[in-house]
Amino acid sequence: MPKRILRGVVVSDKGDKTIVVQVERTFLHPLFKKTVRRSKKFHAHDEANAYHTGDAVEIQECPPKSRLKHWEVVGRVGA
C-alpha cells in the first residue's frame, strides 16, 4: 500500500528533530453544499532540524518514531 503524502505549513519547530505541521483540507458539506475548511496538526520527524515556522512542507507516513511521531518530512514545497 502506498504511503500517504500531505502538504502543510510548519507551525512549530521547538522540538529537537521534530516539527508540527498544520494540514488544511476542504470538503463540501453534505447538507448545506458549502465548502468547509478543516485543519489538523501532525508531528513529523525532521532529522537535520532544517525546517522552521512558516515553511510549506510535504510529509509522508512512516513507522512510529515516538508516541506522537508517525510522519517524516519529504521536502519543501515550491522551493
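Bear in mind that the values in this text are calculations on the coordinates, not laboratory data. Note that the structure is predicted; figures quoted are calculated from it, not measured. A quick note on method: Cβ atoms are made from the backbone with ideal geometry, for glycine too, and the neighbour counts reach across all protein chains shown.
Taken together, the residues in segment 1-35 that are out of contact with any strand residue (DSSP E or B) (no Cβ under 7 Å at 6 or more places or on another chain) and among the charged types (D, E, K, R) amount to 4.
Looking only at segment 1-14, residues that are touching a residue at least 12 places away in the same chain (Cβ under 8 Å) and either closer than 16 Å to LEU68 by Cα or among the β-branched types (Val, Ile, Thr) (or both) come to 6 in all.
The residues on offer are PHE42, PHE27, and the sole one that is surrounded by fewer than 11 Cβ atoms within 10 Å (Cβ to Cβ) and out of contact with any helix residue (DSSP H, G or I) (no Cβ under 6 Å at 6 or more places or on another chain) is PHE27. Taken over segment 34-44, the criterion of being of a type in the set (Gly, Ala, Ser) and within 20 Å of PRO2 (Cα to Cα) is satisfied by ALA44 alone. Scanning segment 45-70 for residues that are surrounded by fewer than 11 Cβ atoms within 10 Å (Cβ to Cβ), of a type outside the set (A, V, I, L, M) and more than 17 Å from ILE5 (Cβ to Cβ) yields GLU47, GLY54, PRO64, ARG67. Kindly indicate whether LYS17 is at positive phi and either touching a residue at least 60 places away in the same chain (Cβ under 8 Å) or surrounded by 13 or more Cβ atoms within 10 Å (Cβ to Cβ) (or both). Yes; evaluated as a whole, the condition is true for this residue. Whether any residue in segment 37-48 is hydrophobic (A, V, I, L, M, F, W, C) and within 13 Å of the chain's Cα centre (by Cα) is what I want to check. Yes, segment 37-48 has at least one match.
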